Structures are given as structure tokens and as C-alpha cells.
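What follows is one structure encoded as C-alpha cells, with my remarks underneath.
The values are calculated or read from the model by the stated rules, or taken from the named source; none is laboratory data. Remember, it's a predicted structure, so these values are computed and weren't measured experimentally. Note that each Cβ is placed from the backbone with ideal geometry, even for glycine, and that neighbours are counted across all protein chains shown. Please note that ligands, DNA and RNA were not included when accessible areas were found on the heavy atoms of the full protein model with its side chains. Shrake-Rupley method; radii C 1.70, N 1.55, O 1.52, S 1.80 Å.
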Amino acid sequence: MADGLRTIAGDDLVLSTPRAMKVPLAALAMPRVLRLPLAGAVPVVTSLPLLNSAPAVSRYRFPRHASAVANVAPPVEFAQGSAVPDSGKEEGRGAGAVPRLLRTRIAPPGDVVRMEERLFFLLQPDLESLLRSCRLGFPRQPFPFQLEGMAFLLPRHGAVLADEMGLGKSMQAISSLRLLIHAGEARRVLVVCPKGLVSNWVRELGDWASEIPVAVIEGDPQKRRWLWSLPDVAVKIANYESVVRDREMVAELGVSFDLVVLDEAQRIKNRASQTSHAVRSLSRRRSWALTGTPVENSSDDLVGIFEFVAPGQLHEQMSPREMGSAAADHVLRRTKDKVLKDLPPRLNRDERIELTPEQRETYRQAEEDGVLRLADMGRSATIRHVFELVLRLKQVCNFDTATGESAKLDCLQSDLEEIQASGRKALVFSQWVETLGRLKTALGRFGALEYHGGMSTAARDEAIRRFKHQKEHSVLLLSYGAGAVGLNLQFSQYVFLFDRWWNPAVEDQAINRAHRIGAAGAVTVSRYLAADTIEERIDEVLRKKRNLSEAILSQTEPGEGTGLTVDELFALFKLPPPARAAAA
Amino acid sequence: MQQQGNESSDPTFGFLTTVDSPTHGVFGGYLVVDAGGRPLEFHCTTPLKVSRAQQILYGATLQGHLHGRQIGAALLAEGGAAPVAVLIDSEAMLHVRSHTLLPVALVQRLSGEEGSGGFVIGGVTVTPTVTPGEKGDSQSLRRLLEILAGAVDLCEPFERIRSAIEEAQRH
């Protein structure tokens, strides 16, 4: 220890003044004595605080088994009135298993202000871990942005998921409500959607949450009353018209929901409309709105949607900047260009469309008559007879031959409105030129152009040129025969298969007009299928055969390989296969 | 000192770490999770700032004293549930062993083989600080940690603690 400096036991440092000085002995003959006045001298002491005092500790405790999907924020009332998972082994995980490498965090919403509540969200495991621990897998692997969409929806009482069409808003909403239901945070969920999309929601719920009971609000008033008050159905689906019509009934029954999801929420952009009033009158704790076009015409559209999602949060007097800031925490909007970076992913949407009642009746009559005729023909019925019946039925699925009604057209128009509003382009394929003609007439406001073998080469080239360069033409109608090959239409982001070809490979060729190198972004393919019709039966068979040799498939004539074998064609109508000699 | 680890049918796990903030000093955070990785308790400290004189006087012993005794011990003293082990992610925090009866294990994301006395779970090396005579305890700990690792990556809860401390600083 240096002279004049010492430490004492413990943690404090003590500095003392020097007690003696050394004097060189050789300097003087006689040493000079220096006297220092020691008596009463107290050294100056300086203490440095070392690390003895423990820091203050803040404590937070959370309920056991709670998770981020649980509702930590106080419920907001609107309206009027697993076993142990595996040890990290990757083997055996299906394509739809929850990914281990991704880590999607559930961040606290901006309106959660209490420190304890914010920490509760931040300290949760990532969404992938939560899903694994709940043993909730997916039928198909979600994109990372879809998991982020779920992490956005889950903690929010009011949310607008405004992803661009085709990014899977329904799937994100379904997976999120599924988690809420499994966490016991939602027992009564209502999905409100346009009439034409009800069957689509039923199908998607079956795909993404097959274990959850679903009921569709439909039928006469007595049945609807019973359906509205059904206690044991976790998810109910109603179209907007039903909600308007049954508004008083629902209020009278005192039905309330833990979550109401509005699909195509732009339907309530007009706050004065009956639809908006009816939807806002639903008693609910959580309000989620799904829309690809939250602002169609003006920023007031968003105010209308927010009256459902977070009443009072926005008002018309706000500047766009103020509105954007006030809405930011409630709105999630992604476009394909932003979330799908690699060469364009192809997003498939199988649209199962319910025929209109009149169309259904025409279809039923045509099928009954056709099957009876085939049965009467007995063993003399050939593959050509069956094929003709199939074609006749498929045409009814497109347009009712008696009334001209078309459920598919209604759905297509709805989709095209959104596409046109976003300035995008769409291709629509059909196997019939006649169908293309009817579509062109009906889709005049979208600047529909035709492209098929009945046109001259010059006319076809001109159609492509106009479609490519003129903004007012949002849709090109093509026949599979002429339009499936040789065209580069990668500036189109949407492909609709209005009816289905016999051979999936031809459909792929058609789709690849848009989905190819140089594509401006992801391509959304909507395949229309009339529910409970021959189209659905053919699709089922083709799905099963997709991996079989293409030798049995054909793009042209029946009997030479239609994608279906002779036996399969007869089986579509539950008819016994023809005698081999006849088939040959 | 804290009670010994609880190996009941409902095991819990502690995660203890520090966050060094250039402006505020060193924060400590202690997160207790269940076997599914869900949070049960969280404790965090006010920051401790070390002066230049303290750095000089403690020399090489500073980090161990600061992390293990000052911060780690204070946090473990606040813990309610006794976890089956306290997992740490820095060697400096190993000094907390002197202040708790709970098993302490160092977890590090390493690409190599199991070290002496350690084992690998899900790409993470776990080195329990048990004496050679307690090998049985190490095996038991390994089994329990494998359950937790089935739900979450063993290094991941430390990230949560850091996020939570950042959030606490903002408020």
C-alpha cells in the first residue's frame, strides 16, 4: 500500500493525509528535525460510496395460464344498448405446422397505457410459441405478414385490417378469432359479410378453424330468431341485409357478442345508412373491420368505418394528417408489393359461390331432366351424351338460361370494383365465347375488352394494346383456347377463372399470362366454383387426380381425355359406367 | 437466500439478466415463466451507475459484484415462486450463485459441442452450475428444460426482458 493511502476492512475507501516525509540523509551534515503538530490533528477523510445499496425493484405479477390473447384491457362496451410439445425436433412437422424460426411479437396497442398491461404483452412468448403451445396448427403455412396481421388483431378491441385484396384478410381474422375462442376470451363471434360471400366464409372457417361450430343466420323469421339466440355456436355468419332486417329482433333478444367482424367493411362508410346504423347497434366488446379499400372516395369513408371500430376516434373535420395519426394504431394496411418481395407469389382463392334461387332452380331442373334422359338411354348412353349434359349444367352455373341471373357475375363485379379502385388490372377466363360476350355487356363500366378465337388477329392485338396502355380498361375477357398461351400480360395482378377448364394444366397456362417473370407483383387467382353443382364435383375429382399422369387429360374433345376418365364422367351423375365397347 | 428450486408438477423457470444503458446505467430484469413460456412474474431494478473510482477500485471484480450481488441477489430476493432453476445469459451473473440456493445455469447460443457439465437443447448450450456430486440434479434440470424448450427457445425470454426494460425506460 502506498504511503499515506490505506484501505480499511469493508467497502469504504479511506484516504489519510501523509504522516511523515522522507529527507535525503546525504543532503546535510546534521539532520534537521521537523516537528509536526500531531496532537489533535485529524486526517481529512473522504468516503466514496461503493456498491452496497441494492437498487429499487419494481414487481409485476401475472395470472397463471393467461396469455397475450387474453383480454387485459378493460372490456369496451359499444352500442345502445396441450400436452407437452416436442423438444424442438423439426421432424414430422407438416407444411402447415407453426414455424419455429419466425418470432412474431404481440405488441401492446397504443391505447393500453398502464405499465403493467403493456409489460404483460411485451413479456409474452412470440405468437408462434403461443400457437404451438395451444397445439393450433394451420392447414397451410401462413406467410409471415399474415402472422403479423394476427399479432395486430389479437390485442385490439377496435381494428381495421385493410390489406390489399388477396393477402388473406379472412384467414388472418379467422385464425385470430380462433385463438381468442381457445383462450376463452370469445364465446360469441359474429361475422357480417355481403350475401355472396357467406358460403366463402363458411368454407374458410372450415379450412382454418374446422373445430369451431359455425351457424349461418338464414331462413324465415322464426328460424332466424332461433339462430340469433343459439347459445352454443361460437361463430355466426350473417349478411348485411340480415343484420338490417333483424336489428330489432337482435335487440329484443338481448344478444351480445364478444367480437363482431365486418367483411367488406366499406359497406358502412356512409354513417347515415341503415346498414351502418344496424351494424353499430350490435352489442359487442371487440370490433374488427376488414376491407381492401378503407378509403374509396374520401377520407370520410374511414370516419364511417371508425364509427363501428372506435366511435369518436375520427371526425370529418380532421385534416388527412390528423386523421392518419389518430387512426394509425387501429389500422394495418399492407400491399402485395411490400409484403411479398420475391418473384411474384401466386395467391389462390377458391371462391365457392352459391347460385341465386332462380339459378339454382334452373340448374336443378336441367340436371334432373338430363340424368333422367341418360337413365332412359340405359347402356346406349355414351360419353358424348354425358359430356353434353356437363356442358349444359356448367353454362347454367355461369348464367341462368331462364332469367339471365348470375351469382358468379355478382361476385366478379364486387371484386372488380376493388381492383378498379386500386388502379389494377384483371384477366377473366371462360371456356365459352358466348359467356365472354355476356360479361362484356355486364362489365361495361370496367372497360371490359374481349380476346378470343372469334376475333381477327388485328382485333386481338388491338385489344391487348388498349388493355395494356389505357387506364380505363380494367379487365380483359379471354377464352382459354386463345388466351391461355403466348400472351405476356404480367402487368395484370388478378386472374379470374369464371368457369373451370377440364385440365388444371391449361388453367395454369392461363394464370401464367399474368403470373410470370416481370410481373409487377403478386398475382391473385380467383377460381369460381358454383356450390353444390357439377363444377364442384369435377373439381373434387380433378384435385384427387392432380398428381396422376397427364396422359389421361386432354384439352379438346371429350372421350379423348378430358381430364376425367369415362368412368369418372358417368360417376358425376351417379350413373354406372357404360359398357366398355360402347365407351370405346 | 432463496429457497431451493421447486420441481413440482407445475414447474416454473427464472430468467435473469442485465441491460447496460449508456445513459442510465445497468438495469436488472428477472422474469419467471411457466412451462409454456408464459410470464408469471417480472421484476426489474432501477439503474445502477458505476463511477470511475468504483471501476478502478473494484477492478476485475466489478462485473461480478454488480451483476451477481447488487442486481441479481436483489431481484431473486423479490421472486415469489421458486423456479426449478435460474437461467442467466452472462458469466458475470454467475456470481449470483453465492446469494441463492436456487440452481443457476448459464445458457448461451453456441454452435459447438456440449461443454463439460453442460448439455445442448434446441441449439442452446446449458451449463448448470452444480457440483460434480449433483449430477442427478443436472439430469433432472435437463428434463425440465426440455419441456420449456418445446415451447420457447431458451435464449428468447432474455429478449423479452430487454424489451420490457426498454419499455420501462420510455415511461
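Taking the numbered list (1) open to solvent by 30 Å² or more (accessible area, probe 1.4 Å); (2) part of a helix (DSSP H, G or I) in turn, A:Leu302 passes all entries but (1). The single condition from (1) open to solvent by less than 30 Å² (accessible area, probe 1.4 Å); (2) assigned to a helix (DSSP H, G or I); (3) of a type outside the set (S, T, N, Q) that A:Arg445 fails is (1). Scanning the stretch A:51-63 for residues that are modelled with pLDDT of 70 or more and at the interface with chain B (Cβ under 7 Å from one of its Cβ atoms) yields A:Ala54, A:Pro55, A:Ala56, A:Val57, A:Ser58, A:Arg59, A:Tyr60, A:Arg61, A:Phe62. Based on what the data block shows, is A:Glu307 closer than 30 Å to A:Leu153 by Cβ, open to solvent by 80 Å² or more (accessible area, probe 1.4 Å) and within 30 Å of the chain's Cα centre (by Cα)? Here the answer is no, as A:Glu307 does not meet what is asked. In the condition set (1) within 13 Å of the chain's Cα centre (by Cα); (2) closer than 23 Å to A:Arg64 by Cβ; (3) surrounded by fewer than 24 Cβ atoms within 10 Å (Cβ to Cβ), B:Phe42 is compliant with all but (3). Residues of the stretch A:118-148 that are open to solvent by 30 Å² or more (accessible area, probe 1.4 Å) and more than 10 Å from chain B (Cβ to nearest Cβ): A:Arg135, A:Gly137, A:Pro139, A:Arg140, A:Gln141, A:Phe143, A:Pro144, A:Glu148. In the stretch A:505-521 there is no residue that is outside the structural domain of A:Leu167 (by TED's automatic domain parsing), in a loop (DSSP other than H, G, I, E, B) and at pLDDT 85 or above.
Scanning the stretch B:78-90 for residues that are at pLDDT below 90 and either within 14 Å of chain A (Cβ to nearest Cβ) or outside any loop (DSSP other than H, G, I, E, B) (or both) returns B:Glu78, B:Gly79, B:Gly80, B:Ala81. Of the residues making up the stretch A:218-250, those that are crowded, with 19+ Cβ neighbours inside 10 Å and under 18 Å from A:Ile174 (Cα atoms) number 6. Would you confirm, using the coordinates I've provided, whether A:Leu476 is outside any helix (DSSP H, G or I), modelled with pLDDT of 95 or more and either in the same structural domain as A:Phe399 (by TED's automatic domain parsing) or out of contact with any Lys or Arg (no Cβ under 7 Å at 6 or more places or on another chain) (or both)? Yes. Residues that are within 17 Å of A:Ser129 (Cα to Cα), in a helix (DSSP H, G or I) and more than 8 Å from chain A (Cβ to nearest Cβ) within the stretch B:141-156 comprise B:Leu145, B:Leu148, listed in sequence order. Identify all residues within the stretch A:171-201 that are at pLDDT 90 or above and either of a type in the set (Gly, Ala, Ser) or open to solvent by 20 Å² or more (accessible area, probe 1.4 Å) (or both); write none if there are none. If the condition is that a residue be at pLDDT 90 or above and either of a type in the set (Gly, Ala, Ser) or open to solvent by 20 Å² or more (accessible area, probe 1.4 Å) (or both), then A:Ala173, A:Ser175, A:Ser176, A:Arg178, A:Ile181, A:Ala186, A:Arg187, A:Arg188 are the ones that fit.
Pull out all pairs, ordered by first then second residue, where Cβ-Cβ is under 7 Å, the residues are six or more apart or on different chains, the first lies in the stretch A:389-402 and is under 14 Å from A:Tyr528 (Cα atoms), and the second is basic (Lys, Arg) and surrounded by fewer than 22 Cβ atoms within 10 Å (Cβ to Cβ). Short answer, once both residue conditions are applied: A:Phe399/A:Arg438.
Take the residues in the stretch B:63-77 that are more than 11 Å from B:Gly29 (Cα to Cα) and more than 10 Å from chain A (Cβ to nearest Cβ), then tell me which one is surrounded by the fewest Cβ atoms within 10 Å (Cβ to Cβ). If we take residues in the stretch B:63-77 being more than 11 Å from B:Gly29 (Cα to Cα) and more than 10 Å from chain A (Cβ to nearest Cβ), then B:Gln63 is surrounded by the fewest Cβ atoms within 10 Å (Cβ to Cβ).
Scanning the stretch A:375-393 for residues that are more than 17 Å from A:Thr565 (Cβ to Cβ) and open to solvent by less than 20 Å² (accessible area, probe 1.4 Å) yields a total of 1. When A:Asp400 is tested against (1) assigned to a loop (DSSP other than H, G, I, E, B); (2) open to solvent by 10 Å² or more (accessible area, probe 1.4 Å), just one condition goes unmet, and that condition is (2). Do the conditions hold for A:Val214, that is, is it among the aliphatic types (A, V, I, L, M) and in contact with a Phe, Trp or Tyr (Cβ under 9 Å, 6 or more places away or on another chain)? It is true that A:Val214 is among the aliphatic types (A, V, I, L, M) and in contact with a Phe, Trp or Tyr (Cβ under 9 Å, 6 or more places away or on another chain).
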